[in-house]
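The next block holds one structure in the form of structure tokens; read it before the comments.
The values are calculated or read from the model by the stated rules, or taken from the named source; none is laboratory data. Just so it is clear, the structure is predicted and the values come from calculations on it, not from any experiment. Every residue, glycine among them, receives a Cβ derived from its backbone with ideal geometry; neighbour counts consider all protein chains shown.
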Amino acid sequence: MNYKVPFVDYPAHYLKLKNEILRLLDDVLFTRADLILRDDVKEFETNISSFLGAKCAVGVNSCTDAMHLSLHAAGVEPGDEVITVDHTFVATVEAIIHCGAKPILVDITEDFNMDVEQLERAVSPRTKAIVPVHLNGRVCNMRRIMAIAKKYSLVVIEDAAQSLGAIYNGRKAGTFGLAGCFSFFPAKILGAAGDGGLICTNRKNFAEKIRLLRDHGRKGKNDIVFYGFNSRLDNIQAAILNLKLKDLPKWIERRRKVAAIYHNGLKDVNGIKLPPEPNNNQRYFDVFQNYVIRAKSRNALVKYLRNRSVETLISWPKPMHKHKRLNLQHFRLPMTERISKEVVSLPMNAEISNEQVEYVIEHIREFYAR
Ligand SMILES: *Cc1c(COP(=O)(O)O)cnc(C)c1O
């Protein structure tokens, strides 16, 4: 189906840089034939670490792997507990499970991020790590989370897949804990032409370990120092990401502008609850990976908009602990459950026009005025 207002618009995004991307593909694939762990990966790692304000960055093949490798490198192993939220993409929990550890899921607060009071209550003698998830482009309460981590000597690995460029108390998402993990899945704020991910860290030794883990534990030409993984960021993806990185600040500003238009157009509508308005203070600089509202009669609204050619997304209609085969049913998470019935993400991307945003606003107003 071709929507009048699609949730993300890949062709429009491609058109922005089409000529430069085609020239780049020819250069990388033909002129230089640079495919695996070549200069583009190194350059991208250098550029994005300076964007983030982190000492080191290591490209990997996804954020899922970024988290798995980070937890593994931090020493998370069978018998350990790792605290995270239920209201996240399943990848967060997968990374914990694949280290053999036990996920402990806590609830969220009104901002869709980890409830820090519950976090502290969930700490046990077996707790090894915390994985805060900065959802929708807003950083968690990292002041409290880092204080709790310090108090109980826990490792913090941040799932910053949705928050590249977001700021909390003057620092970028991903730079608070031992490692920050990012995704370049095409729908993310900085999207590759396929999968991609990254780990940033201020610890040189940790970055070095990740570099070995992503490439079969190979050091230098002939030395294999442990069993690793194959989780490299493709050179061609790094080249494309490097090109796009130049425009990232502009795209983030556009997302924040779109959020401001939604806010002004919807703030007086009865029946919906909006995320905080974008502001310019360095305490919370949100980047709006998603513009998520809480809506009365959510499913009817989604259908109403679909019939008017507006594509929305529900993340997530069924809380993770309700998927029986995942063995997480024992968690009691009332806020997560309530929110799963109310949330809907409105079209949000850097390509959407003001007219399209106004069109969405108009039909939401119409729905609640009936
Ligand atoms: C997208 C996403 C991931 C997974 O990223 P991949 O690069 O697809 O592995 C993990 N966590 C959150 C919160 C995400 O939104």
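In the range 167-178, which residues are more than 13 Å from the ligand (Cβ to nearest atom) and either part of a strand (DSSP E or B) or in contact (Cβ under 8 Å) with a residue 60 or more places away in the chain (or both)? Lay out the reasoning, then the answer.
If we filter the range 167-178 for residues that are more than 13 Å from the ligand (Cβ to nearest atom), which is where we start, we get 167-172, 175-178.
If the condition is that a residue be more than 13 Å from the ligand (Cβ to nearest atom) and either part of a strand (DSSP E or B) or in contact (Cβ under 8 Å) with a residue 60 or more places away in the chain (or both), then 167, 168, 169, 170, 171, 172, 175, 178 are the ones that fit.
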* To do: Tell me which residues, restricted to the range 132-165, are over 17 Å from residue 109 (Cβ atoms), in contact (Cβ under 8 Å) with a residue 12 or more places away in the chain and assigned to a loop (DSSP other than H, G, I, E, B).
  => 152, 154, 160, 161, 164, 165
* Output the residue which, of all residues in the range 146-166 that are within 16 Å of the ligand (Cβ to nearest atom) and closer than 11 Å to residue 130 by Cβ, is surrounded by the fewest Cβ atoms within 10 Å (Cβ to Cβ). => 156
* **Scan of the range 167-178 for residues that are touching a Ser or Thr at 6+ places or on another chain (Cβ under 8 Å) and surrounded by 24 or more Cβ atoms within 10 Å (Cβ to Cβ), ordered by number** => 173, 174
* Got at least one residue in the range 307-323 being without any contact (Cβ under 8 Å) to a residue 60 or more places away in the chain, over 25 Å from residue 191 (Cα atoms) and part of a helix (DSSP H, G or I)? -> yes
* Being within 15 Å of the ligand (Cβ to nearest atom) and either over 26 Å from residue 231 (Cβ atoms) or at pLDDT 95 or above (or both), is that true of even one residue in the range 113-122? -> yes
* **Residues located in the range 179-191, provided they are near the ligand (Cβ under 9 Å from one of its atoms), surrounded by 24 or more Cβ atoms within 10 Å (Cβ to Cβ) and not hydroxyl-bearing (Ser, Thr, Tyr)** => 181, 182, 184
* Asked: Between residues in the range 273-294 that are touching a residue at least 12 places away in the same chain (Cβ under 8 Å) and residues that are surrounded by fewer than 17 Cβ atoms within 10 Å (Cβ to Cβ) and β-branched (Val, Ile, Thr), which pairs lie under 7 Å by C-beta distance while being six or more apart or on different chains?
  -> none
* Asked: What number of residues in the range 21-43 are in a helix (DSSP H, G or I) and in contact with a Lys or Arg (Cβ under 7 Å, 6 or more places away or on another chain)?
  -> 0
* **Single residue of the range 42-68 satisfying the filter (among the small types (Gly, Ala, Ser) and more than 9 Å from the ligand (Cβ to nearest atom)) that is nearest to residue 191 (Cα to Cα)** => 59
* Asked: Of the conditions (1) crowded, with 19+ Cβ neighbours inside 10 Å; (2) in contact with a helix residue (DSSP H, G or I) (Cβ under 6 Å, 6 or more places away or on another chain); (3) under 30 Å from residue 249 (Cβ atoms), residue 361 fails just one. Which one is it?
  -> (1)
* To do: Sort out which residues of the range 67-94 are assigned to a helix (DSSP H, G or I) and of a type in the set (Ser, Thr, Tyr), and write them in order of number.
  => 70, 92
* the range 306-353, residues that are of a type outside the set (Lys, Arg), farther than 17 Å from residue 7 by Cβ and loosely packed, with under 13 Cβ neighbours inside 10 Å -> 327, 329, 330, 334
* Looking only at the range 245-260, decide whether some residue is acidic (Asp, Glu) and either exposed (fewer than 14 other Cβ atoms within 10 Å of the Cβ) or more than 16 Å from the ligand (Cβ to nearest atom) (or both). => yes
